[in-house]
Amino acid sequence: MKSRLMACAAGLALSVSLGFGAASAADLKFAPGEGPFDWDSYNAWAESAPDLKGQTVTIAGPWLQPEDGYFRNVLAYFAEATGAEVIYTGSDSFEQQIVIDAEAGAAPNIAVFPQPGLASDMASRGLLQPLPEGMASWVGDNYGAGESWVNLGTYKDADGNDQLFGFFYNVNVKSLVWYVPENFEDAGYEVPESMEDLKALTEQIVADGETPWCIGLGSGAATGWPATDWVEDMMLRTQPADVYDQWVTNEIPFDDERVVAAIEEFGWFARDDDKVAGGADAVASTDFRDSPKGLFSSPPQCYLHRQASFVPAFFPDGVEFGADVDFFYLPAYAGKDLGNPVLGGGTLMAVTKPSDATTELMKFFQLPLSHEVMMAQTGFLTPHKGVNPEAYLNDTLRGQGEILVNATTFRFDGSDLMPGGVGAGTFWTGMVDYTGGKDAKAVAGEIQNSWDALK
């Protein structure tokens, strides 16, 4: 559900068919040799790329207008170098259709999954093919928090063996705190570098007679999900990543004391009337789309707002990043030595029908250019350490890209990995109950009971 809040909303099938040597610079979005792109690695790859004239690679995924067009511009560079035809089909019912097609033996060569759950399930049923040899070591070496991405893309095959099936391409960042630089400057506040500093800043704002945070959990039938993001971030900042993994798979119960402590970390911010705009009682009833607006009122209703990279869509018109608003990484505890964990999500590519041309296309997606062309067009983020950050469309994306590259651990949104009845059910409602004053241990116990009932 939360992943879909950041997904696109309309679409068409698209086709790219550009023969090697037949495409001119005018056929490509960005002229070769120009702009902030890594042409050297692309040219070196293109010089040794095989002649794939007459071969076709089919791709299916959730990207719809305008993202399908941006992706088309990336594929054009592969088609230019190899002569292959690449056909992408986007659908708003992709997750249902890909299963039907795969079971019928009519799958595309590559499927683009909006989150790992379905890909993992299809891999275990023998409906996906492992990625080309060497991809795991490449991801580990070339992605920020590389081993995290390898682990996120590794699933059991039909024989129960771990294989790398997923290659992440286009991700998002949730571990962000938004603020207005002018308000910080006027009040003499500085961006915190640790969670200890963030808590001290929160208390300082209260001591100054102001309100530190705007928090809203309202989202119609999905009310409560913003609080699950908070708890997930707190789990990553209070416990090692393997404990987080055990939590989202229920290897440790939801009412484990470490999970309860993470919930209470969120409560430190959200259940104190002095720390949140409107008081603690307003948290659950404030719509998440309205909650950041308090940053921009005069005088400000709050100074801080934790939300994912998509939240600027709900800022007032005319807000200029860097001048009117900025963000910082939700910091880790300096005293816990857990590195720089990042919470987020993203799309992954998997091979559903192998071919020589498909293998070459997956190699192409390792090139910085295949990421940079997307970076320059839309809200695309990548943990690829080899890309030129100057290729990002704007400073907002550039800053988030730097967070990804510098991350030591990346973990997917935990509630999206849990069974729907929990992650998109009792976890949401339980957080509403908790912000309303219910005991964290009791809430966690009820969530665990609901999980047990699904087993």
Loop sites in segment 189-288: GluC sites (Glu not before Pro), DSSP, at most 13 other Cβ within 10 Å: E190, E193, E251
Where a ≥ b ≥ c are root eigenvalues of the Cα gyration tensor, a/c under 1.5 meaning rounded, otherwise prolate if a/b exceeds b/c and oblate otherwise, segment 307-455 counts as oblate
Ranking G224, P116, Y88 by how far each Cα lies towards the positive end of the charge dipole of the chain (+1 on Lys and Arg Cβ, -1 on Asp and Glu Cβ), the top one is Y88
DSSP bridge orientation in the chain - percent antiparallel, rounded to nearest 5: 65 percent
Table column - 3J(HN,Hα) (Hz), segment 351-361, Karplus curve with 6.51, -1.76, 1.60, x for Gly and Pro: 8, 9, 8, x, 6, 4, 5, 5, 4, 5, 5
With all protein chains modelled, accessible area of V259 [1.4 Å, Å²]: 0 Å²
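Rolling a 1.4 Å sphere over the protein heavy atoms, what is the accessible area per residue of segment 213-283, to the nearest Å²?
The answer is 30 Å² per residue.
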Which percent of the accessible area of the chain is formed by carbon and sulfur heavy atoms (probe 1.4 angstrom)? 45 percent
Name the residue farthest towards the positive end of the dipole of the chain from the options G401, G339, N161, assuming +1 on Cβ of Lys and Arg, -1 on Cβ of Asp and Glu, about the Cα centre. N161
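What does the charge count near K29 come to, summing +1 for each Lys or Arg and -1 for each Asp or Glu among other residues with Cβ under 12 Å from its Cβ?
Values: positive: R72; negative: D27, E34, E80, E372.
Summing Lys/Arg as +1 and Asp/Glu as -1 gives -3.
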Unit charges at the beta carbon, dipole of segment 303-378: most positive-side option, P354, F314, S370: P354
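Just to confirm the filter: which trypsin sites (Lys or Arg not before Pro) across segment 395-454 are DSSP coil and have at most 16 other Cβ within 10 angstrom of their Cβ?
Answer by residue number: K438.
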If each K or R counts +1 and each D or E counts -1, the residues other than A79 whose Cβ falls under 14 Å of its Cβ total -2
Could you tell me the distance between the Cα centroids of segment 223-299 and segment 399-455, to the nearest Å? 9 Å
Entry for volume of the Cα convex hull per residue in Å³ (calculated from the structure that is shown) out of (i) 142; (ii) 154; (iii) 126: (i)
Work out, step by step, the length gained on full extension between I100 and A31: first 0.36 nm times the residue separation, then minus their alpha carbon distance; give nm to one decimal. 20.9 nm
If every Lys and Arg gets +1 and every Asp and Glu gets -1 at its Cβ, then about the Cα centre segment 169-326 yields a dipole, in debye to the nearest 20, of 440 debye
Once ligands and nucleic acids are excluded and a 1.4 Å probe is used, how much of V173 is accessible, expressed in Å² to the nearest 10? 0 Å²
With DSSP loop assignment and no more than 10 other C-beta atoms within 10 Å, the GluC sites (Glu not before Pro) in segment 317-405 are E320
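The values are calculated or read from the model by the stated rules, or taken from the named source; none is laboratory data. Please read all numbers here as calculations on a predicted model, not as lab measurements. Methodologically, a virtual Cβ is constructed for each residue, glycine included, from the backbone with ideal geometry; neighbour enumeration extends over all protein chains shown. Calculation scope for accessible area: heavy atoms of the full protein, side chains included, ligands and nucleic acids excluded. Shrake-Rupley method; radii C 1.70, N 1.55, O 1.52, S 1.80 Å.
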